[in-house]
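Here is the structure we will look at, set down as structure tokens.
The values are calculated or read from the model by the stated rules, or taken from the named source; none is laboratory data. Given the structure is predicted, the values throughout are model-derived calculations rather than measurements. Here the Cβ positions follow ideal geometry from the backbone for every residue, glycine too, while neighbour counts run over all protein chains shown. All accessible areas refer to the heavy atoms of the entire protein, side chains included, with ligands and DNA or RNA removed. Shrake-Rupley method; radii C 1.70, N 1.55, O 1.52, S 1.80 Å.
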Amino acid sequence: MLYQIVALLLWSSAFIAAKYTFTMMDPALMLLFRLGIAALLALPPCLRYWRQIEARHWRGLLWMSFWNYVVVMMLEFIGVKYTSAASATTILGLSPILTVLIGHFFFYDRAHWFVWLCGVAAFGGVALLIAGGGEGGEVGLWGSALIFAGNTVFCAVLRPTQDMIKKVGAPAFTSITMAAAPVLCLPASLVFAESLHIDWNWKGTLGLLYLGVCCSWLAYNLWNIGMKTVSANVSGILSALGPIFGALLAVLILGERISALSWLGIVLVVAATLAAVLVPKWLVRQEAA
């Protein structure tokens, strides 16, 4: 569990590091550099595994790399430019609920009635978060919408990603998709970057290195190590706690101001997500008994 807690803390701080990096470069350009740093670290294991991959798997690996790293991260990091880091991590906390609801509509994995109730509560929490942003929290509707779109894409490709990991193995999947990501990201960065100018400064540079090394390469490897011994239940609970870590770090490090109404929304999202993970399983056990 310790590995996944550390990974979660690193991911929760990614938007904070991004805020520093945005002082010297455009978000789309930052993503290209971030993925490039992670790819350099992933290249040695990638060279070990790529010869072992069957030809029929390469198309799926490249698609998973494109969706998980390019599309998801492009939407999220352009989005966080227009909203607070605290609101961004809170919206990502919807992942467990979104995953279940997407499974219900597209993968014939029927959601329990309680998940629908929790979904309504969680989206209500996001509405409170955005409504309270005008009180000093700097929560932007456009930025929140982009982050929500990125999170939805991530949840939509989660099952295909898991299927691909089962076919090629987690180490091979992580290293190969991470090594391919900057190549796939290059056209998107050139198209969506508002400026290619880089105004180098030490805070932005440290933030970029932190994003590439800690939030990308290290966090994904730690999470995959934890997945070997931690149940999906526990992983879901830990993911639901991400908004709390992210909001506290945003307040302590960036000095973001979160209104009482926005704090209420954050708490509601976390509570609804935890309930969506735990209560249906409890109900199933009660029915079995």
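Rounded to the nearest 500, the helix-only mean residue ellipticity at 222 nm of the chain stands at -23500 deg cm²/dmol, with each DSSP H run of n ≥ 4 adding -39,500 (n - 2.57).
Peptides 165-178, 193-206 ranked from most to least packed, by the mean per-residue count of other Cβ atoms within 10 Å: 165-178, 193-206.
The heavy atoms of Leu209 present about 80 square angstrom of accessible area, all protein chains included, probe 1.4 Å. The modelled label-to-label distance for the pair Val251/Ile225, using points 7 Å beyond Cα in the direction of Cβ, is 3.1 nm. The Arg51 and Leu209 beta-carbon pair, evaluated with R₀ = 35 Å, returns a calculated FRET efficiency of approximately 0.70. For the pair Val183 and Asp109, a Förster radius of 35 Å applied to the C-beta separation gives a FRET efficiency near 0.55, rounded to the nearest 0.05. Using 0.36 nm per residue and subtracting the Cα-Cα separation, the extra length available between Ala131 and Lys166 on full extension is 8.4 nm. The dipole here belongs to the chain: it is taken about the Cα centre, uses +1 on the Cβ of Lys and Arg and -1 on the Cβ of Asp and Glu, and is about 820 debye. Here the accessible area is traced with a 1.4 Å probe on the protein chains. For segment 244-289, carbon and sulfur cover 71 percent of it. Summary of packing: across the peptides 103-114, 179-190, the per-residue average of other C-beta atoms within 10 Å ranks them, highest first, as 179-190, 103-114.
Here each label is just a point 7 Å from Cα along the line to Cβ, and for Val191 and Ala271 those points are 4.3 nm apart.
Answer rounded, prolate or oblate for segment 20-70, using the Cα gyration tensor with square roots of eigenvalues a ≥ b ≥ c: rounded when a/c is under 1.5, else prolate when a/b is larger than b/c, else oblate.
In terms of gyration-tensor shape, oblate.
From largest to smallest, the equivalent ellipsoid semi-axes obtained for the chain from the alpha-carbon gyration tensor read 28, 26, 16 Å.
Treating each Cα of segment 115-219 as an identical point scatterer and summing with the Debye formula, the log10 of I(q)/I(0) at q = 0.10, 0.11 Å⁻¹ comes to -0.50, -0.60.
Taking only protein heavy atoms into account and a 1.4 Å probe, give the accessible area per residue of the chain in Å².
That works out to 48 Å² for each residue.
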